[in-house]
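Here's the structure, in structure tokens; my notes come after.
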């Protein structure tokens with residue numbers, strides 16, 4: 001663990017101990033994180049291993065990633081993930097894990113392979129650390145970073161195109177500035193080669209093309225810059241202004257009978273529990289942020305308010321596993337000949353989301369007011385008291401109970417096994433819908449095994465015995481120190497800084513190209529997809 005993290009860790013433990021003592025009587029559990037990652041692109045053979053699974057499975061788009069989740073790209077694979085402050089792209093034969101992903105810190109373990117890492121909108125209290133088998137890289141500023149790791153050869157190669165990084169290995173810390181690179185070789189007593197960044201390769205250029213495309217999107221005008229999943233909206237829909245809801249995004253092509261939370265499946269992801277994974281390529285942001293509205297006989301998505309705070313970062317959009325209300329009751333399922341059903345309804349504009357898991361009053365407030373326009377804040381307090389203190393169900397009539405296909409019911413067994421919802425949906429008549437009442441949570445217990453529809457898939461090779469991890473997973477990441485420098489939040493990617501000369505005390509002549517792995521990483525066979533042109537919203 002780097003000394004930047006360690007120095008703050010002791011202060012955090014002390015402060016945390018006091019805080020725990022003061023609040024333990026109020027809340028027995030901590031709030032879940034509001035930060036996740038989205039798997040939004042893959043090509044070739046890409047596998048995932050959720051924290052709760054024992055095996056590797058074929059990766060699926062729109063899957064939320066959290067602490068402990070792993071991703072592996074095979075010989076022909078590439079993958080891309082987004083968090084609120086980073087775009088992460090993986091080349092072939094890359095073994096990647098989120099060892100921690102919290103509201104204050106992101107820790108990544110990369111044991112082998114290539115990773116491109118673009119950081120944006122990094123807050124003063126955010127901490128990002130990338131661990132390799134022989135080094136820990138602390139990202140200190142917004143910028144563009146590239147890592148190549150070869151555990152067999154015992155090397156970590158760090159390139160800083162923009163930004164600043166501090167690399168810790170063998171008890172030493174080295175600052176890597178824009179235009180520089182650092183080659184760390186060996187384990188317990190590594191050597192350093194500090195010098196100029198190498199020329200960009202095909203993987204760099206592919207990543208830049210993806211970055212440039214994202215920064216030209218019209219959707220950036222209507223959503224916060226840290227909202228995850230806006231990248232696919234332009235190519236799959238259009239924006240219109242409405243007097244009642246503000247900017248609304250409408251999907252362009254959907255199947256017959258489409259409604260939100262109807263075409264996809266449920267998976268269990270801790271600590272949130274049941275989480276929606278949508279089938280549509282664009283189906284992340286509209287199902288984990290904002291609210292759906294039904295306007296002029298069509299479904300549209302309202303992203304929620306964009307809060308502008310002078311001289312301070314804007315609040316991070318608050319992720320939710322699924323913005324629905326669970327409904328049921330003791331009699332509504334009578335006559336449904338499929339066993340015990342479970343049902344939900346799409347939440348409408350301004351309606352409160354009551355998470356079916358523990359949360360504090362602050363979390364409950366933020367996950368609502370940052371996702372929709374809630375006028376009566378006293379109402380939020382009353383609802384929290386009713387649901388989480390008094391342990392009773394908050395009764396309300398949902399606006400979409402009468403919207404087309406907005407109430408969805410499936411057999412509980414179909415939900416538990418992750419089956420496609422639209423194939424298992426139960427036809428409900430109006431009489432059955434009118435009998436539905438709000439319930440606290442779906443009547444489907446946590447599955448005993450990880451439910452996944454994907455096939456078994458390739459897994460990364462076992463790490464060499466000599467490649468000891470620099471930072472252990474059981475060491476919690478802590479907040480970035482307040483005096484750590486961070487760059488202003490750029491609206492566009494700045495031009496690359498020219499390479500700077502290597503310092504005179506560099507250990508040896510730096511490499512002029514990316515070092516080859518012991519077994520050369522092949523170029524993925526699949527070509528990068530052709531990016532859509534910028535969509536201009538209708539005026």
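What residue, among those in segment 397-424 that are crowded, with 18+ Cβ neighbours inside 10 Å and in a loop (DSSP other than H, G, I, E, B), is modelled with the lowest pLDDT?
Result: 418.
Which of (1) surrounded by 23 or more Cβ atoms within 10 Å (Cβ to Cβ); (2) at pLDDT below 95 is the odd one out, the single condition residue 125 does not satisfy?
(1)
Looking at (1) touching a residue at least 40 places away in the same chain (Cβ under 8 Å); (2) surrounded by 17 or more Cβ atoms within 10 Å (Cβ to Cβ); (3) within 29 Å of the chain's Cα centre (by Cα); (4) within 27 Å of residue 227 (Cβ to Cβ), which is the only condition residue 342 fails?
Unmet for residue 342, out of (1) touching a residue at least 40 places away in the same chain (Cβ under 8 Å); (2) surrounded by 17 or more Cβ atoms within 10 Å (Cβ to Cβ); (3) within 29 Å of the chain's Cα centre (by Cα); (4) within 27 Å of residue 227 (Cβ to Cβ): (4).
For segment 433-442, which positions are part of a helix (DSSP H, G or I) and at pLDDT 90 or above?
Passing the criteria: only 433.
Determine, yes or no, whether residue 225 is outside the structural domain of residue 129 (by TED's automatic domain parsing), under 20 Å from residue 83 (Cβ atoms) and either out of contact with any helix residue (DSSP H, G or I) (no Cβ under 6 Å at 6 or more places or on another chain) or assigned to a loop (DSSP other than H, G, I, E, B) (or both). Steps first, answer last, please.
Details: outside the structural domain of residue 129 (by TED's automatic domain parsing): yes; under 20 Å from residue 83 (Cβ atoms): yes; either out of contact with any helix residue (DSSP H, G or I) (no Cβ under 6 Å at 6 or more places or on another chain) or assigned to a loop (DSSP other than H, G, I, E, B) (or both): yes.
Yes; evaluated as a whole, the condition is true for this residue.
Yes/no matrix, rows are residues, columns are (1) in the same structural domain as residue 89 (by TED's automatic domain parsing); (2) closer than 29 Å to residue 223 by Cα; (3) modelled with pLDDT of 95 or more:
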| residue | (1), (2), (3) |
| --- | --- |
| 118 | yes, yes, yes |
| 129 | yes, yes, yes |
| 156 | yes, no, yes |
| 171 | yes, no, no |
| 181 | yes, no, yes |
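Filter segment 137-157 down to residues that are in a loop (DSSP other than H, G, I, E, B) and farther than 13 Å from residue 174 by Cβ, then give me how many there are.
Residues meeting the conditions: 6.
Among the listed residues 425, 416, identify the single one that is within 14 Å of residue 340 (Cα to Cα) and under 27 Å from the mean Cα position of the chain (by Cα).
Unique residue meeting the criteria: 416.
In segment 158-170, how many residues are in contact (Cβ under 8 Å) with a residue 60 or more places away in the chain and assigned to a loop (DSSP other than H, G, I, E, B)?
Looking only at that region, the number is 2.
Residue 173: surrounded by fewer than 21 Cβ atoms within 10 Å (Cβ to Cβ), farther than 23 Å from residue 77 by Cβ and touching a residue at least 60 places away in the same chain (Cβ under 8 Å), yes or no?
When the stated conditions are applied, residue 173 passes them.
The values are calculated or read from the model by the stated rules, or taken from the named source; none is laboratory data. Here the structure is a predicted model, which is why all the values come from computation and not from measurement. FYI the Cβ positions are ideal-geometry reconstructions off the backbone, even for glycines, and counts take in every protein chain you see.
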